[in-house]
Amino acid sequence: MYSKALMALSVTLAMILSLGITDAMAKKYELTRNSVDNPEEVDSKEISLYRVKLGDSEIDAIEMLVNEKIPGVRVEQVGQFVTIWDQSNPTAPMAGVQITDGKVDLIFINNRFSHKTRGLFRRVLTAETVKEIRDLIGPEEYGDENLMGARLCYEKKGFIVSHLGRDINVIFTKPAGISQECYTF
């Protein structure tokens, strides 16, 4: 009797520990689920969009975004982009990924995606001014601001924020790709 109870306890502990390990291996900041509010904790390598991270294979990205049904969105693959559209207001893509050489190398979101985003980037996507974005994230490493808008480049964290009047876009990519993206503005 004692050995059966001990066996049941060890099986239960093994199940709990395996769940804990799975949670520890989970993506640190899933844009639609986790609420990271500290800009110091944001790193593009840890960002995921519906469980798709930078560096994931094209097959995995297609499986997670296109083949799985995501409630309230329409997903399309056009060329090297997989775009996510709001089913209720499909005026333009609200998020997506770029696939180059069989790997996800860019994740993008914009203000049409703010209702699905959690944490810091929800506030960024709903910001009224560039100053408000800087207050939320901190000063950019470099960028450009003119009459048309602003591009704030956070190379060490691996993302770019473009503020174009009412349109706000956030691009997550590997830090090495930030300077190339920033100079194509």
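The values are calculated or read from the model by the stated rules, or taken from the named source; none is laboratory data. The model shown is predicted, which means the values in this text are computed figures rather than measured ones. Don't worry about glycine lacking a Cβ; one is built from the backbone with ideal geometry, like all the others, and counts go over all protein chains shown. When the accessible area is computed, the model is the full protein with side chains, heavy atoms only, and any ligands, DNA or RNA have been set aside. Shrake-Rupley method; radii C 1.70, N 1.55, O 1.52, S 1.80 Å.
Computed values, structure above
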{"quantity": "Those residues of the range 135-161 which are open to solvent by 50 Å² or more (accessible area, probe 1.4 Å) and hydroxyl-bearing (Ser, Thr, Tyr), in sequence order", "calculated": "142"}
{"quantity": "The range 31-44, residues that are farther than 18 Å from residue 169 by Cα and either hydroxyl-bearing (Ser, Thr, Tyr) or at pLDDT 90 or above (or both)", "calculated": "35"}
{"quantity": "Hey, residue 116 in contact (Cβ under 8 Å) with a residue 60 or more places away in the chain and among the charged types (D, E, K, R) or not", "calculated": "yes"}
{"quantity": "Complete set of residues in the range 77-99 that are farther than 17 Å from residue 173 by Cβ and loosely packed, with under 14 Cβ neighbours inside 10 Å", "calculated": "78, 79, 87, 88, 89, 90, 91, 92"}
{"quantity": "Meets criteria (within 13 Å of the chain's Cα centre (by Cα) and open to solvent by less than 40 Å² (accessible area, probe 1.4 Å)) for residue 102", "calculated": "no"}
{"quantity": "Filtered residue count, the range 57-76, keeping only those that are outside any helix (DSSP H, G or I) and surrounded by fewer than 16 Cβ atoms within 10 Å (Cβ to Cβ)", "calculated": "8"}
{"quantity": "Residues within the range 122-157 that are among the small types (Gly, Ala, Ser) and touching a strand residue (DSSP E or B) at 6+ places or on another chain (Cβ under 6 Å), tallied", "calculated": "3"}
{"quantity": "Scan of the range 77-87 for residues that are part of a strand (DSSP E or B) and either within 17 Å of residue 99 (Cα to Cα) or aromatic (Phe, Trp, Tyr) (or both), ordered by number", "calculated": "77, 78, 81, 82, 83, 84, 85"}
{"quantity": "Any chance residue 176 is modelled with pLDDT under 90 and either part of a helix (DSSP H, G or I) or closer than 20 Å to residue 29 by Cβ (or both)", "calculated": "yes"}
{"quantity": "Hey, residue 181 modelled with pLDDT under 90, under 25 Å from residue 28 (Cβ atoms) and touching a strand residue (DSSP E or B) at 6+ places or on another chain (Cβ under 8 Å) or not", "calculated": "yes"}
{"quantity": "Identity of the residue in the range 162-180, free of Cβ contacts under 8 Å to residues at least 40 places away in the same chain and not small (Gly, Ala, Ser), that ends up surrounded by the most Cβ atoms within 10 Å (Cβ to Cβ)", "calculated": "163"}
